[in-house]
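Working notes, beginning with the structure itself.
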Amino acid sequence: MISNKNLSDDVLVTSRQDSFSSLSSPRIRTSSWSKSGSYSDSLEETSPIAAIFDTENLEKISISEGIKRGIVDTITGQRLLEAQACTGGIINPTSGQKISLQDAVDQAIIDHDMSARLKQAHKAYSGFDGVRGQKKLSAAEAMKVNWLPYEAGQRFLEFQYLTGGLIDPETQSRITTEEAIRKGIIEGRAAQKLRDVNNYPKILTCPKTKLKISYKEAVDRSMVEDITGLRMLEAASVSSKGISSPYNVSSAPGSRSGSRSGSRSGSRRGSFDGSSSSHSYSFQSVSSSSFGI
């Protein structure tokens with residue numbers, strides 16, 4: 001859905017890379033789609049946001065490290081990790097491998113406290129245990145019997161839908177909303193709400209602008225590391241919109257305080273000083289027509 005390249009995209013990428021070939025900064029390529037109404041289903045699975053790109057240090061870091069440095073707030077960090085947990089596992093930002101919550105704790109990607117907060121999100125992937133002898137329940141089914149709070153369950157369904165489709169915990173495979181309706185997992189109205197991605201709630205604080213955004217908008221703004229294909233969300237201690245971060249306190253471990261001269265603007269033209277980095281990144285955005293009806 002997101003990474004699919006047609007001929008026009010290839011031409012755009014080639015021209016972009018040629019224009020940047022003489023620069024030392026990381027190559028940036030963009031893909032664009034026209035804007036239209038609601039989405040229809042697409043089962044081409046794509047990576048959720050896997051890491052943070054620290055624009056001040058030009059460094060890829062884990063989401064937990066972004067929280068420690070004070071450039072990602074705790075709620076946003078948790079919700080980014082929920083999106084990983086409910087779609088297959090926590091992503092190791094170095095290798096790209098999806099791993100269990102316990103393995104993520106063992107590898108210091110998350111701590112025990114965060115692991116406990118992510119258990120429900122993980123069950124949205126692995127399934128909620130039903131009554132003995134019955135099948136495991138999906139997130140949508142767990143919401144119906146009040147085993148999963150509506151607000152959390154809706155988030156998990158949106159994360160799954162945006163990254164390739166709802167997940168059937170029996171097979172741990174993606175299914176379309178139409179198939180979910182046929183199986184009695186969701187109703188038509190719920191499916192319609194999932195498809196209306198442009199009206200998803202703004203549940204995140206953008207780590208770069210410090211403005212409220214939806215997960216769909218976060219995916220739109222993410223960078224894609226060419227080598228691993230992992231999605232990264234840019235972050236800074238000072239907003240690119242000139243808004244001070246409400247959670248950037250000088251006493252936080254590793255945080256930077258005050259304004260920075262030379263803080264980067266919101267431009268997507270790859271204006272990083274890449275002299276210390278040989279990585280190549282891409283900007284890819286998702287719009288309504290990429291699912292298009």
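The values are calculated or read from the model by the stated rules, or taken from the named source; none is laboratory data. Because the structure is predicted, anything quoted here is derived from the model rather than measured. Backbone-built Cβ (ideal geometry, glycine too); neighbour counts: all protein chains shown. The protein model used for the area step is the full one, side chains on, heavy atoms only, and it has no ligands, DNA or RNA in it. Shrake-Rupley method; radii C 1.70, N 1.55, O 1.52, S 1.80 Å.
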query: So which pairs qualify, if the first residue must be in the range 96-118 and within 21 Å of Ala152 (Cα to Cα) and without any contact (Cβ under 8 Å) to a residue 40 or more places away in the chain, the second must be of a type in the set (Lys, Arg) and open to solvent by 50 Å² or more (accessible area, probe 1.4 Å), the Cβ gap must be under 8 Å, and the two must be at least 6 apart or on different chains?
result: Leu101/Lys119
- prompt: With respect to the numbered conditions (1) at pLDDT below 95; (2) farther than 18 Å from Leu148 by Cβ; (3) surrounded by 14 or more Cβ atoms within 10 Å (Cβ to Cβ), which one is the sole condition not fulfilled by Phe128?
  reply: (2)
task: Report, by residue number, each residue of the range 187-218 that is open to solvent by 10 Å² or more (accessible area, probe 1.4 Å) and not in a loop (DSSP other than H, G, I, E, B).
output: Gly188, Arg189, Ala190, Gln192, Lys193, Arg195, Asn198, Asn199, Thr205, Lys212, Lys216, Glu217
- request: Report yes if His122 is closer than 19 Å to Pro169 by Cβ and either open to solvent by 30 Å² or more (accessible area, probe 1.4 Å) or charged (D, E, K, R) (or both), otherwise no.
  value: yes
- request: Return yes when Gly184 is at positive phi and open to solvent by 30 Å² or more (accessible area, probe 1.4 Å) and no when it is not.
  value: yes
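Being among the β-branched types (Val, Ile, Thr), within 19 Å of Lys216 (Cα to Cα) and over 19 Å from the mean Cα position of the chain (by Cα): is that true of Thr177 here?
yes
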task: Sort out which residues of the range 132-181 are part of a helix (DSSP H, G or I) and either at positive phi or basic (Lys, Arg) (or both), and write them in order of number.
output: Lys144, Arg155
- prompt: Is one or more of the residues making up the range 8-15 at pLDDT below 55 and buried (at least 17 other Cβ atoms within 10 Å of the Cβ)?
  reply: yes
- line: Residues of the range 219-259 being at pLDDT below 50, buried (at least 16 other Cβ atoms within 10 Å of the Cβ) and not charged (D, E, K, R), in sequence order, are Ser245, Tyr247, Asn248, Ala252, Ser255
- prompt: Residue check: is Thr228 under 20 Å from the mean Cα position of the chain (by Cα), of a type in the set (S, T, N, Q) and in a loop (DSSP other than H, G, I, E, B)?
  reply: yes
message: With the structure loaded, tell me whether Ser47 is assigned to a loop (DSSP other than H, G, I, E, B) and in contact with a Lys or Arg (Cβ under 6 Å, 6 or more places away or on another chain) or whether it fails that test.
response: yes
